[in-house]
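Participant: Dropping the structure in here first, questions after.
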Amino acid sequence: MKNKFKLYKAYWSMTKPGIMMMVLVTTALGFYFAGRGIQDSVLLLWTLLGSGLTCGGASVLNQYLERDVDAIMRRTQNRPIPTGIIAPEDALTFGLALILSGLFVFCWKVNLLTAFLSLLTCFLYVLVYTPMKKLTWLNTSFGAIPGAIPPLGGWAAATDHLAPGGWILFLIMFTWQHPHFYSIAWLLKDDYKKAGFKMLPVVHPDAKYTLVQITAFSFLLTAFSLMPSLAGMSGKIYFWGALGLGIGVLYTAFLFQHNQSDANARKILGASIMYLPLLLVLIIVDGALS
């Protein structure tokens, strides 16, 4: 029984629950904005189920493809495939089964547009972003594209079409990922270098390159986060709250600009982690009180 529990836990960890939660939150964000609230809670649940399955499957396939470098990096050497808990072929089967199950849910209970967006996300993440990490430091920006599609998927699930509001959410997610992942890349630059990943702090050890990217995208994140109010998608509560959150991220970026310490990089990471759930709370509060 203990061995079975350990195996189940290993399979669950391969789905990267933290990333999955972020995807579910941003998918719900798109669904909420598109419908000006949650008009069909059952449809939302089916959408979140499909999103969770496909996201988890993409994460498993990512680890299948990176199993050799995962064994090298200290951060990932205890993952199920490098430790031998799960065989590579079993991981491949598991990942494909999750993705196909998620696509089936979308086609059966949601709509084809959402299924297509989910399939596109998996393709870009697994077959474009994953190999690009060994080719160019621009992998972060390319990886931010599939990471920004989930709110579009939520929008498509609620309305069966895409609209400018959905693309505004896409831009928010696209810019948010840059300070988030560049701070991670800075903290783990030695590990990434050992694995042969061409992350920005590895290719350009001089902090000024990473600083420019983090600061620029923090400004863009603040600007794009205000667009829902300017487009009439939300009210004043959201506007001022989003502005405050953006200033918070910018503040941590300026701290890092002043002193490129790991402690300040962790502040950027912490601010970015808190940003999305707080933005969702703002949207809900704004919708309830407006």
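Participant: In the set Leu230, Leu250, Leu255, Leu280, which member is within 27 Å of Gly166 (Cα to Cα), assigned by TED's automatic domain parsing to the domain that holds Ala185 and either at pLDDT 90 or above or crowded, with 18+ Cβ neighbours inside 10 Å (or both)?
Facilitator: Among Leu230, Leu250, Leu255, Leu280, only Leu250 is within 27 Å of Gly166 (Cα to Cα), assigned by TED's automatic domain parsing to the domain that holds Ala185 and either at pLDDT 90 or above or crowded, with 18+ Cβ neighbours inside 10 Å (or both).
Participant: Mind listing whichever residues of segment 258-277 are in a helix (DSSP H, G or I) and surrounded by 15 or more Cβ atoms within 10 Å (Cβ to Cβ)?
Facilitator: Asn264, Ala265, Arg266, Lys267, Ile268, Leu269, Ala271, Ser272, Tyr275, Leu276
Participant: Against the definition (closer than 23 Å to Gly30 by Cα, over 18 Å from the mean Cα position of the chain (by Cα) and surrounded by fewer than 21 Cβ atoms within 10 Å (Cβ to Cβ)), how does Ser141 come out, yes or no?
Facilitator: Spelling it out, it is not the case that Ser141 is closer than 23 Å to Gly30 by Cα, over 18 Å from the mean Cα position of the chain (by Cα) and surrounded by fewer than 21 Cβ atoms within 10 Å (Cβ to Cβ).
Participant: A further question follows. Quick one: how many residues across segment 73-111 are exposed (fewer than 15 other Cβ atoms within 10 Å of the Cβ) and either part of a loop (DSSP other than H, G, I, E, B) or touching a His at 6+ places or on another chain (Cβ under 8 Å) (or both)?
Facilitator: So the count comes out to 7.
Participant: Tell me, yes or no, whether segment 212-226 has at least one residue that is crowded, with 18+ Cβ neighbours inside 10 Å, over 30 Å from Val285 (Cβ atoms) and either touching a residue at least 12 places away in the same chain (Cβ under 8 Å) or touching a Gly at 6+ places or on another chain (Cβ under 9 Å) (or both).
Facilitator: yes
Participant: With the structure loaded, tell me whether Tyr64 is over 18 Å from the mean Cα position of the chain (by Cα), buried (at least 22 other Cβ atoms within 10 Å of the Cβ) and part of a helix (DSSP H, G or I) or whether it fails that test.
Facilitator: So Tyr64 passes the test.
Participant: Taking the conditions exactly as written (more than 20 Å from the chain's Cα centre (by Cα) and of a type in the set (A, V, I, L, M, F, W, C)), does Ala163 satisfy them or not?
Facilitator: Answer is yes for this residue.
The values are calculated or read from the model by the stated rules, or taken from the named source; none is laboratory data. Please read these numbers as outputs of a predicted model, since none were measured by experiment. Cβ: placed from backbone, ideal geometry, glycine included. Neighbour counts: every protein chain shown.
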